[in-house]
Amino acid sequence: MRKGTGQSPTGRGALSAACLLGALWTSPNTLAGLLAGLAGMPMGARPRWSGRDFAWVFHHWPWGPGGAVTLGMVILHTGATLDVPCHTYEHRAGRCRHPRISLRDHERAHVFQYLVLGPLFLPVYLLCGGVSVRNPLERAADRYALRGRGWWPGR
Ligand SMILES: [Zn+2]
């Protein structure tokens, strides 16, 4: 164990290997996201790698009702910054009162979920209810944005 880091070099290596495997596993989604982002560039979309979010973020993406959508390691966003407050799904559905969360944190949770589910993410997401408060993937992303942990459903 290296002094002061709290994590062994071996542990960090295992985490990096897991992230690399996840990146490969979800690469079909990432490719679709990159193509969608590139398609938006003539209309003003601008990409930036965000190490914090482990994703390419396309700002000013020209399509959609406003907000963000994540495809693999790509976040497509209609605005200028992901650092905007938004309501949780449960708050919007009137189930409870939550403080506002960061859209960036919510979408980052989806990136992590994609690293685990890879090409299964979209079928599982749709089977779980899609863009809805019923979807445990969305509630987990909200929980992660609220607490900084718990991006996987059921914890
Ligand atoms: Zn979401």
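Nothing in this text is a laboratory measurement; each read-out follows from the coordinates by a stated rule. As the structure is a computational prediction, the values presented were derived from the model and not from experiment. Methodologically, a virtual Cβ is constructed for each residue, glycine included, from the backbone with ideal geometry; neighbour enumeration extends over all protein chains shown.
The table that follows gives values for the structure above.
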{"read-out": "Which numbered condition H60 misses (of (1) of a type outside the set (K, R); (2) without any contact (Cβ under 8 Å) to a residue 40 or more places away in the chain; (3) surrounded by 17 or more Cβ atoms within 10 Å (Cβ to Cβ))", "value": "(3)"}
{"read-out": "Options A39, A23: the member that is free of Cβ contacts under 8 Å to residues at least 12 places away in the same chain and surrounded by 12 or more Cβ atoms within 10 Å (Cβ to Cβ)", "value": "A39"}
{"read-out": "Subset tally (residues that are more than 10 Å from the ligand (Cβ to nearest atom) and either in a helix (DSSP H, G or I) or buried (at least 17 other Cβ atoms within 10 Å of the Cβ) (or both)) for segment 112-132", "value": "14"}
{"read-out": "Segment 112-135, residues that are farther than 25 Å from L20 by Cβ, over 14 Å from the mean Cα position of the chain (by Cα) and without any contact (Cβ under 8 Å) to a residue 40 or more places away in the chain", "value": "L126, L127, C128, G129, G130, R134"}
{"read-out": "Of all residues in segment 83-100 being in contact with an Asp or Glu (Cβ under 6 Å, 6 or more places away or on another chain) and not in a helix (DSSP H, G or I), the one that is nearest to the ligand (Cβ to nearest atom)", "value": "T88"}
